[in-house]
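The values are calculated or read from the model by the stated rules, or taken from the named source; none is laboratory data. Being a predicted model, the structure only gives us computed values, none of them experimental. Quick reminder, even Gly has a Cβ in these numbers, built from the backbone with ideal geometry, and neighbours come from all protein chains shown.
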Amino acid sequence: MVSVILASGSKTRSKLLKDAGVSFDTVIAKIDEPAIIAALKASNAKPHDIVDTLAEYKAARVGSKHTDKLVIGCDQILVCNKRIYEKAATIDEARENLLSLRGKAHQLLSAVVIFEEGRPVWRHTGRAQLIMRDFSDDFLVHYLQMNGESILSSVGCYKIEETGAQLFSRIQGDYFTILGIPLLEVLGFLRTRGVLMQ
C-alpha cells in the first residue's frame with residue numbers, strides 16, 4: 001500500500017483524515033507563510049492562487065525528502081472585502097479581527113496539493129461562505145474569555161465545530177472545507193492511488 005504523509009501540524013486536519021480511515025504519518029512543513037503571502041500580495045496574486053501556492057510549498061518541502069510517499073500539503077485563507085486575514089498572534093488581535101468580520105460575509109478557501117515522486121500530481125481548492133452575525137460587544141467578551149488562546153490556531157479566530165458556531169447566522173459550503181481540508185475530494189484522489197478501497 002502507498003504510504004501517506006500529511007505535511008501539516010493541524011490537529012483538526014489530522015483528526016478528520018484519521019476518522020475517515022486514512023493511515024498516514026505527520027511531518028510538519030516549515031515555511032515562512034507571512035513572507036510568501038506578502039510576496040504574492042505584492043504581485044497582485046488572487047486569493048485562490050495564494051492559498052494554492054501555500055499548500056504547494058508545504059507539500060514540496062516535505063515531498064522533496066519523501067519521494068516514495070504521497071505527501072498532502074494543505075492551507076487555508078480567509079478573505080473579507082478583498083482583505084486576506086492571517087492567524088491572530090494575540091487575543092487583542094483576535095478581538096480586532098472578529099470586530100472587523102462582525103455582521104459581514106467572508107470566504108474560506110482551503111487548498112490541497114498532493115505530491116507524488118517529488119512533484120505535484122493533484123490539487124483542489126474548496127470554497128465556503130460564512131456570514132457572521134452582528135453579535136454584541138458583551139458576547140465577544142464572553143466568547144474570548146470562554147475560548148482563550150485556542151482560537152489563535154484558526155485563521156478566523158473560531159472553530160465552527162465548537163462554540164465558534166455561535167458567531168454565525170448562515171454558512172454556505174462544504175463543512176470539511178470550513179475545517180481546513182476538502183476531505184471528500186482528497187479521499188477520492190486517495191482511492192485512485194490504492195490508499196483507500198474503490
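At-a-glance table
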| item | result |
| --- | --- |
| Condition met for Thr177 (of a type in the set (Ser, Thr, Tyr), part of a strand (DSSP E or B) and within 20 Å of Gly9 (Cα to Cα)) | no |
| Helices (runs of 4 or more DSSP H) fully within region 33-104 counting 2 or more residues that are among the hydroxyl-bearing types (Ser, Thr, Tyr) | 47-63 |
| Hits in region 137-172 - residues which are crowded, with 17+ Cβ neighbours inside 10 Å and not basic (Lys, Arg) | Tyr143, Leu144, Asn147, Ile151, Ser154, Val155, Gly156, Cys157, Tyr158, Ile160, Gly164, Leu167 |
| Residue list for region 135-155, filter: closer than 14 Å to Arg102 by Cβ and either within 18 Å of the chain's Cα centre (by Cα) or in a loop (DSSP other than H, G, I, E, B) (or both) | Phe135, Ser136 |
| Only listed residue being without any contact (Cβ under 8 Å) to a residue 60 or more places away in the chain, crowded, with 23+ Cβ neighbours inside 10 Å and farther than 30 Å from Met1 by Cβ, chosen from Leu108, Leu130 | Leu130 |
| Candidates Lys30, Lys11, Lys87, Lys82, filtered to the one that is within 24 Å of Phe176 (Cα to Cα), touching a Lys or Arg at 6+ places or on another chain (Cβ under 8 Å) and modelled with pLDDT under 95 | Lys30 |
| Enumeration of residues in region 104-131 that are aliphatic (A, V, I, L, M) and touching a Lys or Arg at 6+ places or on another chain (Cβ under 8 Å) | Leu108, Leu109, Ala111, Val112, Val113, Ile114, Leu130, Ile131 |
| Of residues in region 156-174 being touching a helix residue (DSSP H, G or I) at 6+ places or on another chain (Cβ under 9 Å) and assigned to a loop (DSSP other than H, G, I, E, B), the one farthest from Leu140 (Cα to Cα) | Asp174 |
